[in-house]
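Reviewing the structure listed below.
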Amino acid sequence: MANRWAAPTSPSPEGSPISLSPEATPGSLFSEGATLSPVDASAPVRTPPGRSPANLALAPLRRLREDWRDPLLRNGYALIINVGATSVLGLLYWILAARLYSPAEVGVGNAAISLMQLLAGIGGQLTFAAALARFIPRAGGESKRLAFFSYLLAGTAGALVSLVYIALIHIHTAFTDRIPAVLGHSWLLAAALGASVTVWCLFALQDAVLTGIRQAVWIPVENGLYGVVKIAMLVGLAHVTQRYGIFTSFTLPAFIALFPTNYFIFRRLLPRHMSATGVEPEPGFPTGTRGGRGSLSVRSIRRFMGGDYLGTVLFMATGTLLPVLILARLGKAEAGYFASAYLIIYALDLVTVNLGVALMVEGALDRSLLRHHAGTVVRRVLAIIGPAVAVLVLFAPRVLGVFGHAYAVHGSGLLRLLAVAVLAKAVTSLYIALSRVERRVGQIAFWQVVLLVSITGLSWWLMGRFGIDGVGLGYLASQVVVALCLLPSILKILRRKEPVAAGAA
């Protein structure tokens, strides 16, 4: 392919410092007796169009436009934009909550929201979303049915988990009395909590549908509108109900958003996806006959979700246990320094995770292009997080300085170590995406166990020797070792020419 940045091979008379006579040819320039006509020194020398400052300045925009035409990168970039938009709106939401509500009500509201998200996670919210994004690209004419039953199962799971929690807080024993009733023991509030968990499960699944059908560009729009309405309702309820204003403003807009969003998905986007993809259902997917040959059995999906659920829970446990261990051994201040540094690192990790989700969708659609798509993702990950990691390593004190001087003094070493670990963790994220394409979720769970044990174990041991920096050392060492172990498996998957059998798991 020609280099689009190269200068024209046939220079124009006014743009070239050497002008050739009409009879001259490139070969004759070096022949005996060849002559060059004199150059007019006063003539302006023009920069070839491809190398002009304006074109060079616009080169990133042209590259971005080309990337946006690629479904893989369009999906990935849309998910990254969604993370940025929701993070900014979320920060604004909590700043306003702190100014409009008392600290006690902010604490109760935050605890109620955290409980809702925890119950949704236990109910398998993330696993249902991953399975839907993995299988719907090749569901063919069964896409609507798959989405509907995923909604039904996820909503039911969320409701059941909520019922268990509600039952526990109403059973008075030595154990259950220690379970906090965040919103109180009122049955009406308990029902509201249960409904919010179900809504939150469905709210995540609609994003999974949009990602799986290559329409992730709508996710920032949907979540952006949700964030704006959430903030407006937060402000409006501040003068109506201080106690429940935060929780209501967080959950009610999500419930309202379900109806127009899913009407658009089921009436417009899913039919368009089923008619435009032109792909046959994945081997094992229903083709119009239940349980017929070539159909994706419930057993296959169940095995996928079982392994992925375990891996997801272990991943969540790693992020949850570290702050607890630091608090227990080093104290509240060190736990705060870790929280601020990890908040930054988590945002970087989401870049690789979301590009991995986009890779999973494209790999599910066409296994033969998996190697090409993986190379594209690796290049974009390095282009995005590479400079970010360099900035964090070089300017860690200044970055943490926005939280306060103490954070810059005590957390800079930790931030540098965690930043370098992001590069190693990107390898793990790539492996998870590839393994989901081939439904090898059991391997994901195994390596998440390894990471959980090694990170928590090493961090606990090293923080006794090096303080908060010991956590960074343990985290970095664990991520690097696991990444090195996974590289051969990644290369093996990418070298495989034929798609894995439908029943593999």
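The values are calculated or read from the model by the stated rules, or taken from the named source; none is laboratory data. Predicted model, so just to flag it, every value in this text is computed and none were measured. Quick reminder, even Gly has a Cβ in these numbers, built from the backbone with ideal geometry, and neighbours come from all protein chains shown. Surface areas here come from the heavy atoms of the whole protein model, side chains and all, with no ligands, DNA or RNA. Shrake-Rupley method; radii C 1.70, N 1.55, O 1.52, S 1.80 Å.
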Do you know which residues across the range 360-378 are without any contact (Cβ under 8 Å) to a residue 40 or more places away in the chain and among the aliphatic types (A, V, I, L, M)?
LEU369
When only residues in the range 425-447 that are open to solvent by 30 Å² or more (accessible area, probe 1.4 Å) and farther than 14 Å from ASP349 by Cβ count, which is nearest to the chain's Cα centre (by Cα)?
ARG436
Boolean, LEU202 is buried (at least 20 other Cβ atoms within 10 Å of the Cβ), in contact with a helix residue (DSSP H, G or I) (Cβ under 8 Å, 6 or more places away or on another chain) and under 30 Å from ALA167 (Cα atoms)
yes
In the range 189-220, anything among the small types (Gly, Ala, Ser), within 18 Å of the chain's Cα centre (by Cα) and closer than 17 Å to SER114 by Cα is listed as ALA204
Output the number of residues of the range 448-477 satisfying the condition of being in contact (Cβ under 8 Å) with a residue 40 or more places away in the chain and either open to solvent by less than 40 Å² (accessible area, probe 1.4 Å) or within 22 Å of the chain's Cα centre (by Cα) (or both).
14
Identify, please: which residue in the range 395-443 is in contact with an Asp or Glu (Cβ under 8 Å, 6 or more places away or on another chain) and β-branched (Val, Ile, Thr) and is, among those, modelled with the lowest pLDDT?
VAL441
I'd like to verify a number: residues in the range 402-419 that are in contact with a Ser or Thr (Cβ under 9 Å, 6 or more places away or on another chain) and assigned to a helix (DSSP H, G or I), how many?
3
Could you check how many residues of the range 306-330 are assigned to a helix (DSSP H, G or I), out of contact with any Ser or Thr (no Cβ under 6 Å at 6 or more places or on another chain) and over 23 Å from ALA130 (Cα atoms)?
8
Meets criteria (part of a helix (DSSP H, G or I), crowded, with 19+ Cβ neighbours inside 10 Å and either in contact with a strand residue (DSSP E or B) (Cβ under 8 Å, 6 or more places away or on another chain) or among the β-branched types (Val, Ile, Thr) (or both)) for VAL422
yes
For residues that are open to solvent by 20 Å² or more (accessible area, probe 1.4 Å) and closer than 22 Å to LEU355 by Cα, tally how many sit in the range 130-169.
1
If we scan the range 305-327, do we find a residue that is modelled with pLDDT under 75, open to solvent by less than 20 Å² (accessible area, probe 1.4 Å) and out of contact with any Pro (no Cβ under 7 Å at 6 or more places or on another chain)?
yes
Just one listed residue, out of ALA129, ALA159, is under 23 Å from the mean Cα position of the chain (by Cα) and either in contact (Cβ under 8 Å) with a residue 12 or more places away in the chain or in a helix (DSSP H, G or I) (or both), and it is ALA129
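Has the range 378-387 got any residue that is of a type in the set (Gly, Ala, Ser), assigned to a helix (DSSP H, G or I) and open to solvent by 60 Å² or more (accessible area, probe 1.4 Å)?
Yes, some residue in the range 378-387 is of a type in the set (Gly, Ala, Ser), assigned to a helix (DSSP H, G or I) and open to solvent by 60 Å² or more (accessible area, probe 1.4 Å).
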